[in-house]
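Input: a single structure, listed below in structure tokens.
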Amino acid sequence: MSLEHINAVWVVIAAAMVLFMEGGFSLLEAGLVRTKNAVNVTMKIFVDLTVGALAFWLIGFGVMYGKDIFGIIGTNLFAHPQSIALSIPLPSAAFVLFQIGFTVACVSIVSGAVAERMNFNAYIVTVALVCMVIYPLSGHWIWSSDGWLAKLGMKDFAGSAAIHAVGGFAALAMARILGARKGRFNSDGSTNVFAPSNIPLASAGTFVLWFGWFAFNTGSTLDASNNALASIALNTMLSGASGGAAALFLTMRKFGKADPSMTINGVLSGLVAITAGCAYVSQWSAIIIGMVSGIIVIYATLLVDNIKVDDPVGAVAVHGCNGVFGTIAVGLFDQTHGLLTTGDLSLIKIQLLGAAVVMIWGFSSGTLIAKICEKTVGLRADEHDEENGLDMSYHGIPAYNELERFTDLPASLYNFEETTGVTISAPSSSMK
Amino acid sequence: MSLEHINAVWVVIAAAMVLFMEGGFSLLEAGLVRTKNAVNVTMKIFVDLTVGALAFWLIGFGVMYGKDIFGIIGTNLFAHPQSIALSIPLPSAAFVLFQIGFTVACVSIVSGAVAERMNFNAYIVTVALVCMVIYPLSGHWIWSSDGWLAKLGMKDFAGSAAIHAVGGFAALAMARILGARKGRFNSDGSTNVFAPSNIPLASAGTFVLWFGWFAFNTGSTLDASNNALASIALNTMLSGASGGAAALFLTMRKFGKADPSMTINGVLSGLVAITAGCAYVSQWSAIIIGMVSGIIVIYATLLVDNIKVDDPVGAVAVHGCNGVFGTIAVGLFDQTHGLLTTGDLSLIKIQLLGAAVVMIWGFSSGTLIAKICEKTVGLRADEHDEENGLDMSYHGIPAYNELERFTDLPASLYNFEETTGVTISAPSSSMK
Amino acid sequence: MSLEHINAVWVVIAAAMVLFMEGGFSLLEAGLVRTKNAVNVTMKIFVDLTVGALAFWLIGFGVMYGKDIFGIIGTNLFAHPQSIALSIPLPSAAFVLFQIGFTVACVSIVSGAVAERMNFNAYIVTVALVCMVIYPLSGHWIWSSDGWLAKLGMKDFAGSAAIHAVGGFAALAMARILGARKGRFNSDGSTNVFAPSNIPLASAGTFVLWFGWFAFNTGSTLDASNNALASIALNTMLSGASGGAAALFLTMRKFGKADPSMTINGVLSGLVAITAGCAYVSQWSAIIIGMVSGIIVIYATLLVDNIKVDDPVGAVAVHGCNGVFGTIAVGLFDQTHGLLTTGDLSLIKIQLLGAAVVMIWGFSSGTLIAKICEKTVGLRADEHDEENGLDMSYHGIPAYNELERFTDLPASLYNFEETTGVTISAPSSSMK
């Protein structure tokens, strides 16, 4: 029984939990969007887990962890990521699997911000690009030992910058170019609130994400013998708790209501913000980081509305803004080099640089992807499809048929006639 | 690679699974209450995980595991629980995290029994008090090595007494003082049944709870080298299975229907009842304990109705009654000192004492909390708020907007006008 | 800290994850069937986890792993499975728990195919028979070291044959004898499509299943020091991803819609198909196996419709057909003896034999069970009960009461009058 065996078990369990977070994203987004688009957001998560995982395995992993040139990009390991030689005692397959979980999380961040009006084909293109190039490239800079930001000493333990800020700012750019959902902003500058379709599902998604986040952060040790492992987990808990508490009390005070969406996003913000620093900060710092993130998310949500960007689930505020805040917070609270804890200025400078880089990189990439989609498959759903809901338009089925008011499904969906000669007709009206 | 490293990994995974049980509570309660209160129960779980976790970290942990006086109370470690010196090779942060999961589970038990009519502020106060004082104090008696019940030799491996019975009897007291939901009991003494709003969600919650319970019980070893670990897990499975089977067959026989709520509560009862004894009893005993608990839960539910206490999810019957039964069952089935297995009377006496103590403590505490709330923030929701549903009253949003019949959300909820000058109006009716 | 301790922790965690897959089955089936039967499918999963687990512990385990006679059947260990002497350093209780998870998964496969029209008592009989005899017997042949297929050298790492193909073909036989749901097939030979009731829940179930599948396959090592552990996990991911991608793109191309049910079943097919070979094939082979399985599932679904068998969730296509394909795929892609990888014919022959055996065994067993039910408790639900929905007929409650249109629940369900003298009346109409 070697350390490598233990690490294999540890990282496989952690990877399974991180990949399970996709179920959390699916529930959260299905709960927060309008009913008529709840299938579509779920199907996008399936694209993440299928197309995204394969794209990363095939190309992205090599870009991220392949042989470095100029600190900018990896150049081998394509389609055989398992050939990587790791410096830690860990089977390469476990490492690859864990990294797949990270990539898929990054692109799932984007999925929320573009919900309810994006062309489904464009989303597939987006997933492929993010998982093959966008996330791996900045990931290389920060996490490959030869990456230029890594060499400068940037600290981003589990990816506030590399995953959340990149995903969040790509999401901002794409949501901006995509434009708002029909009816979201009025000509007089006012904003309409669309009611989330299913709060219990959104909450369930949050609990799944929280569960997975323990693995997201502690699994990033990639090593069961890491002495910080347990305190990473506790910091994760404390920051999520204080992020949620801050948002909860702030909404109660400001609006007289304990707002579910904001509380959910407060929890997620606390988790995002501690992701970079979970291995470096004290428990008190984790609580403060969470608290600040829970305040940030509310004002950032407002700011996003204010600049007329329509982000149905608050992905920009949660992942973008708090990813950046979390990256900077390491420079403030790091126990050995933090500005507030030690007075040292060296780390905060590089963290600020790193934060700026991922913001610019994420935003530019999102813009580029949107432009590519516009020129090729088309970025935005047809007006008619959006009006009807993307569920019927792209997937031929509504999310909920509880009243069985949709038994007149277009049989053509399941029509194999041409290839097989079997006739499938629409259900007779007697079945209603 | 030391045992401490292995234990850190083990307890962190177990703690994550225990904390994930909150998602189970949320789904279970959202499914069992009426639609108009499904958001509220979910938000209460967020209070548990945010306010409750922080309150325990700050105060409760010290009360429970701090330096003992008189076997009654711990007196240090406040706001720095990580300073605890453990006698087992385990990082203190892992221990603290696991204990947070336990505290939060205890208060979540209360949340179910007071559902659908409690003032939200009163619930926040309740969470703070339970996590700072109530649970930690009796927890100290039972689980601190210096606690007076621990010194007497009380056996409560993972908390049938310390968590479930305390929570369940506090729930009983609070539900009693709170009074029944409007319309629950008729003046002629008869009872009205409110249909659970969403059975598939309630079931999903149960499966999440069952999953987490494996960690709840086996994680209580706090030590991966504990030889009983695997048999604890198997006992947990068998007792849950036989609790569910007993309730299933009993409802089929008594009522001619296989009742979902009772089957769910049968499973949970089996899990509650084996929690104290999972490390001490044989597999056959686990099956018997589960079976008895599945019968108890049905008659206990009736008894609670009979004394006109309104417990919307059956928390008193599941956690209170079967927590007590599980505590006593150790005295009956323990493999070295059980009355039925060895004829020894010594253990059953202390288990009976312990059970009586937690019943009295839980009930008194619940009464006290209710009185404190009545004198301060108010215990019960306004009649009007209860009638409308707590979702709209406290959270400004209904649980399900599937038919989009609620797009006229009060915009004031999201109205940042005063602080920010941005105007957000209600959605126009054209959006419906 | 011995290997046995580590293995206990590893297998207990894996078993908990496998058992959590039942939550996945419950959500998946509740989402895919019509609303009026969503409680019933959920209750059947509770039967699996309660009656099924106990039946296997009591009888099935001995049939599967007891002292062998003739390579056909085990003959001891009944009601004390923990007495098994394992050749690997693993506590017997952990092994028993993991095997319970496998049995329960096998019978849950059947539950989907017979949904919406089976007598609930017949389902209980089915669960008992599958868990006591059907699954354990073929399991003995394949997985007991003395089993006749095991001795021939059949390779089925985590059960494409032993679990999925057996369950899938038993499901086929039972669905065939049971007959189609009323209104499913028209007299002119055409087919009616019933809309799945809740796509977000079905998706959530899939993510839970995927999460559990990592443990299903890697846990089958039963040994944390197995060198293949991490690559098993990665193969599982890649095959699930390519199965889902293949089905997604095929439905988009054939029908112009990205079909949710088919994408879900594509993912599950990839997972089923890699289950036999996950420890034996390369990553590229895993991707190919997944891709083929995602194509198979679509045509197999059609084929099942074509022969007028009504399988509401596609269990036959997913588990039956891809269980068989996965079994054969080992013979094609095995890294040491695969036909395509090495040109060796020896392994493919035994895999084909094994696949044929489990198909015949599963189908015959399913037929036998159906006949036994017909002669005893009755196989099919009453026509009236089916029309009304099994939820009201067998469980007295609908799945969703979101509009509170069902508050007139039959109070008799909760009527304890005869035994207790307490009167519970139906809710007054004023409560609506």
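The values are calculated or read from the model by the stated rules, or taken from the named source; none is laboratory data. Being a predicted model, the structure only gives us computed values, none of them experimental. In this analysis, Cβ positions are derived from the backbone assuming ideal geometry, glycine residues included, and neighbour counts consider all displayed protein chains. For accessibility, only protein heavy atoms count, side chains too; no ligands or nucleic acids. Shrake-Rupley method; radii C 1.70, N 1.55, O 1.52, S 1.80 Å.
Do we have C:Arg181 as within 20 Å of C:Ile307 (Cβ to Cβ), at pLDDT 95 or above, open to solvent by 10 Å² or more (accessible area, probe 1.4 Å) and away from every other protein chain (no Cβ under 14 Å) here? When the stated conditions are applied, C:Arg181 does not pass them. Would you say C:Gly244 is assigned by TED's automatic domain parsing to the domain that holds C:Tyr299 and outside any loop (DSSP other than H, G, I, E, B)? Criteria met by C:Gly244.
Considering only the stretch A:213-224, I want to know if a residue exists there that is acidic (Asp, Glu), open to solvent by 10 Å² or more (accessible area, probe 1.4 Å) and within 22 Å of B:Gln82 (Cβ to Cβ). Within the stretch A:213-224, one or more residues are acidic (Asp, Glu), open to solvent by 10 Å² or more (accessible area, probe 1.4 Å) and within 22 Å of B:Gln82 (Cβ to Cβ). For the stretch A:87-99, a residue qualifies if it is among the hydrophobic types (A, V, I, L, M, F, W, C) and away from chain C (no Cβ under 11 Å), and exactly one does: A:Ile88. Per the listing B:Ile232, B:Ile274, the residue uniquely within 17 Å of the chain's Cα centre (by Cα) and at pLDDT 95 or above is B:Ile274. Among the residues of the stretch A:364-383, those identified as over 23 Å from A:Gly320 (Cβ atoms) and surrounded by fewer than 23 Cβ atoms within 10 Å (Cβ to Cβ) are A:Lys375, A:Thr376, A:Val377, A:Gly378, A:Asp382, A:Glu383.
Cβ-Cβ contacts under 8 Å between residues 6 or more apart (or on different chains), taken from a first residue in the stretch B:298-323 that is on the phi > 0 side of the Ramachandran plot and modelled with pLDDT of 95 or more to a second residue that is of a type in the set (A, V, I, L, M, F, W, C) and surrounded by fewer than 24 Cβ atoms within 10 Å (Cβ to Cβ), are listed as B:Lys308/B:Ala180; B:Lys308/B:Phe185; B:Gly314/B:Val304. Looking at C:Ala93, C:Ala105, C:Ala122, just one residue is in contact with a Lys or Arg (Cβ under 9 Å, 6 or more places away or on another chain) and either outside any loop (DSSP other than H, G, I, E, B) or buried (at least 17 other Cβ atoms within 10 Å of the Cβ) (or both), and that residue is C:Ala122.
Within the stretch B:96-114, residues that are at pLDDT 95 or above and of a type outside the set (D, E, K, R) reach partners that are open to solvent by less than 10 Å² (accessible area, probe 1.4 Å) and not in a helix (DSSP H, G or I) with beta carbons closer than 7 Å, at six or more positions or on different chains, in the pairs B:Phe102/B:Gly159. Taken as a whole, the stretch C:194-201 holds at least one residue that is within 27 Å of C:Gly362 (Cβ to Cβ), surrounded by fewer than 24 Cβ atoms within 10 Å (Cβ to Cβ), of a type in the set (A, V, I, L, M, F, W, C) and at the interface with another protein chain (Cβ under 10 Å from one of its Cβ atoms).
The stretch C:2-86 holds helices (runs of 4 or more DSSP H) entirely within its bounds, and those carrying 2 or more residues that are in contact (Cβ under 8 Å) with a residue 60 or more places away in the chain and either open to solvent by 10 Å² or more (accessible area, probe 1.4 Å) or more than 10 Å from chain B (Cβ to nearest Cβ) (or both) map to C:3-32, C:61-65. Among the residues of the stretch B:353-363, the ones that are open to solvent by less than 60 Å² (accessible area, probe 1.4 Å) and under 17 Å from B:Val107 (Cβ atoms) come to 3 in all. Going by the structure shown, is C:Ile328 at pLDDT 95 or above, open to solvent by 30 Å² or more (accessible area, probe 1.4 Å) and under 21 Å from C:Ser111 (Cα atoms)? Judged against the criteria, C:Ile328 is not a match.
The set of residues in the stretch A:225-250 being more than 7 Å from chain B (Cβ to nearest Cβ) and surrounded by fewer than 24 Cβ atoms within 10 Å (Cβ to Cβ) consists of A:Asn226, A:Asn227, A:Ala228, A:Phe249, A:Leu250.
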